[in-house]
Amino acid sequence: MLKKLTILCLLLSTGARANPAEAERIKRGFELSSEKWILEMKLATTPEARQEVIAKRPDPNAAAAELWRIIAPDLAEDWIIPYAALFLGISKNTTITDDSGITKAAFVSERQRLLKTFSETHLKKPDITPFTIALIDSGEPQALSLLEKIATENPDEATQGIAALGAAMLLKSLGDEPELMAKRLNFLREAIIKSADQIIAGTSVADIASDELYVIRYLTKGREAPPLSGTDVAARPVKLSDFKGRMVILLFWDAKTEATDQIIQLTNQLATKYRDQPVTVLGVTPESAERIRTLQGDGSILWNNISDPTEKLTKEYRINNRPAVFVIDAQGKIQFTGLPGSFVELTVDALLNPLKK
């Protein structure tokens with residue numbers, strides 16, 4: 001009798017595996033808590049308030065673990081597609097600390113299993129748009145090859161176009177060689193032709209592709225930096241052209257991200273290192289002029305900032321994610337675009353060497 005009861009329980013549990021309602025509950029709960037947290041971050045007006053809000057950030061590790069528990073048994077089923085997309089998003093950049101105190105990436109094997117299953121099972125299905133979008137920002141090495149497959153093999157034209165857009169965006173990080181540029185342009189054309197009216201995060205594919213084309217034409221390495229002008233926090237006019245003959249480290253940033261303190265520290269180090277060199281560090285920020293004036297006045301920030309409360313300059317430079325850095329040489333040409341960090345310093349040092357001779 002006990003054996004029969006055990007078999008029955010196993011059968012019942014197997015039949016109850018698929019649980020879209022539970023996955024939807026986890027998805028909605030995480031989205032709502034994240035929206036609330038983002039709003040609280042925007043309302044935090046002091047470093048102390050910001051740190052307090054940062055400490056209350058929704059735990060992506062917990063949400064990802066809970067979601068994985070629900071979707072893992074059914075990765076080959078169609079119902080998990082939007083939840084697999086969410087899992088890719090919230091598990092990105094998560095970390096764990098092992099017993100020896102070493103911090104490492106979390107959910108590595110889970111993400112690889114997910115991508116393998118999708119590659120084998122889902123890539124040719126017409127309803128994988130959410131997963132296609134998630135791939136673009138996944139940071140996974142195989143994301144580009146998967147997007148290229150979707151762009152050529154998926155039966156849905158709109159999904160093909162979104163995948164083509166994603167492939168063009170990922171190719172941007174591989175360099176500016178003519179072959180890569182030609183490939184990017186081809187993907188962008190495909191995106192516009194096949195999915196111009198599709199919406200990603202509130203923006204049409206046509207608009208995103210147009211911005212990417214603008215970046216290729218005006219904001220890549222070797223191009224002359226577009227004009228930029230505004231007023232600093234002391235209401236003085238500032239133009240990028242004021243610094244011809246000097247190198248400019250142009251930083252687009254705001255104080256409403258977890259990385260704000262690290263960004264300030266890195267940029268202060270650059271401002272200090274190059275204080276006596278022909279290098280200007282210039283920030284562009286939507287933060288209130290009064291707040292930045294205070295931070296500059298008390299020495300917390302060691303570089304000047306253009307106030308951009310309406311984000312007009314940010315949009316002109318096609319900045320989708322902050323922080324973003326441009327290194328512009330003494331002739332006004334872009335020599336680096338990317339995130340704050342060691343590559344900024346390496347670029348500046350390499351450009352300074354000829355100037356020192």
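The values are calculated or read from the model by the stated rules, or taken from the named source; none is laboratory data. Computed from a predicted structure; not experimentally measured. For neighbour counting, all protein chains shown are included, and Cβ atoms are generated from backbone atoms with ideal geometry for every residue, glycine included.
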inquiry  = Here is a check on your reading of the model: is Ala163 over 28 Å from Ile96 (Cβ atoms), assigned to a helix (DSSP H, G or I) and touching a Ser or Thr at 6+ places or on another chain (Cβ under 8 Å)?
reply    = yes
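Restricting attention to the stretch 185-222, which residues are over 23 Å from Thr314 (Cα atoms) and either assigned by TED's automatic domain parsing to the domain that holds Gly332 or among the charged types (D, E, K, R) (or both)? Before the answer, list the steps.
The first filter runs over the stretch 185-222 and keeps only residues over 23 Å from Thr314 (Cα atoms), leaving 185-187, 189-198.
Within the stretch 185-222, Arg189, Glu190, Lys194, Asp197 qualify.
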task = Please find, within the stretch 127-166, the residue that is surrounded by the most Cβ atoms within 10 Å (Cβ to Cβ) out of those that are more than 14 Å from Lys194 (Cα to Cα) and in contact with a Phe, Trp or Tyr (Cβ under 8 Å, 6 or more places away or on another chain).
result = Phe131
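In this structure, is Thr294 surrounded by 15 or more Cβ atoms within 10 Å (Cβ to Cβ) and β-branched (Val, Ile, Thr)? Walk me through how you get there before you give the answer.
On the way: surrounded by 15 or more Cβ atoms within 10 Å (Cβ to Cβ): no; β-branched (Val, Ile, Thr): yes.
No; evaluated as a whole, the condition is false for this residue.
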request  = Answer yes if at least one residue in the stretch 55-75 is under 30 Å from Ile292 (Cβ atoms), at pLDDT below 95 and among the charged types (D, E, K, R), and no otherwise.
outcome  = yes
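Looking at the stretch 184-262, what strands (runs of 3 or more DSSP E) fall wholly within it and have at least 3 residues that are of a type outside the set (A, V, I, L, M, F, W, C)?
Result: 229-231.
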remark   = So, first residue among the aliphatic types (A, V, I, L, M) in the stretch 114-135, second residue in a helix (DSSP H, G or I) and exposed (fewer than 13 other Cβ atoms within 10 Å of the Cβ), Cβ within less than 8 Å, six or more apart or across chains; the pairs are Leu123/Glu153
inquiry  = Looking for something over 26 Å from Asp207 (Cα atoms), out of contact with any Gly (no Cβ under 9 Å at 6 or more places or on another chain), small (Gly, Ala, Ser) and outside any helix (DSSP H, G or I) - is there at least one such residue anywhere in the stretch 324-341?
reply    = yes
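Yes or no, residue by residue, for (1) small (Gly, Ala, Ser); (2) in contact (Cβ under 8 Å) with a residue 60 or more places away in the chain:
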site: Thr280; (1), (2): no, no
site: Ala289; (1), (2): yes, no
site: Arg293; (1), (2): no, yes
site: Ser300; (1), (2): yes, no
site: Ile306; (1), (2): no, yes
site: Pro309; (1), (2): no, no
site: Tyr317; (1), (2): no, yes
site: Lys333; (1), (2): no, yes
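Taking into account only those residues within the stretch 285-314 that are assigned to a helix (DSSP H, G or I) and of a type in the set (D, E, K, R), which is nearest to Asp242 (Cα to Cα)? Working first, answer last.
In the first step, residues of the stretch 285-314 are kept if they are assigned to a helix (DSSP H, G or I); the result is 289-297, 312-314.
Checking the rest, the ones that are also of a type in the set (D, E, K, R) come to 290-291, 293, 312.
On the way: Glu290: 24, Arg291: 25, Arg293: 21, Lys312: 19 Å.
Going through the qualifying residues, I end up with Lys312.
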request  = Can you work out which of the residues in the stretch 287-318 that are under 13 Å from Trp253 (Cβ atoms) and among the hydroxyl-bearing types (Ser, Thr, Tyr) is modelled with the lowest pLDDT?
outcome  = Ser307
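Do we find that Ala84 is at pLDDT 85 or above, touching a helix residue (DSSP H, G or I) at 6+ places or on another chain (Cβ under 7 Å) and either crowded, with 20+ Cβ neighbours inside 10 Å or not assigned by TED's automatic domain parsing to the domain that holds Pro126 (or both) in this structure?
Numbers: at pLDDT 85 or above: yes; touching a helix residue (DSSP H, G or I) at 6+ places or on another chain (Cβ under 7 Å): yes; either crowded, with 20+ Cβ neighbours inside 10 Å or not assigned by TED's automatic domain parsing to the domain that holds Pro126 (or both): yes.
Yes, satisfied.
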request  = Would you please list the contacts, defined by Cβ atoms under 8 Å and residues six or more apart or on different chains, that run from a residue in the stretch 36-48 that is part of a helix (DSSP H, G or I) to a residue that is among the β-branched types (Val, Ile, Thr)?
outcome  = Trp37/Val53; Glu40/Val53; Met41/Val53; Met41/Ile54; Met41/Thr257
request  = Kindly provide the set of residues from the stretch 49-62 that are of a type in the set (Lys, Arg) and assigned to a helix (DSSP H, G or I), ordered by number.
outcome  = Arg50
note = Residue hits (the stretch 12-54; at pLDDT below 90, buried (at least 16 other Cβ atoms within 10 Å of the Cβ) and of a type in the set (Lys, Arg)) are Arg50
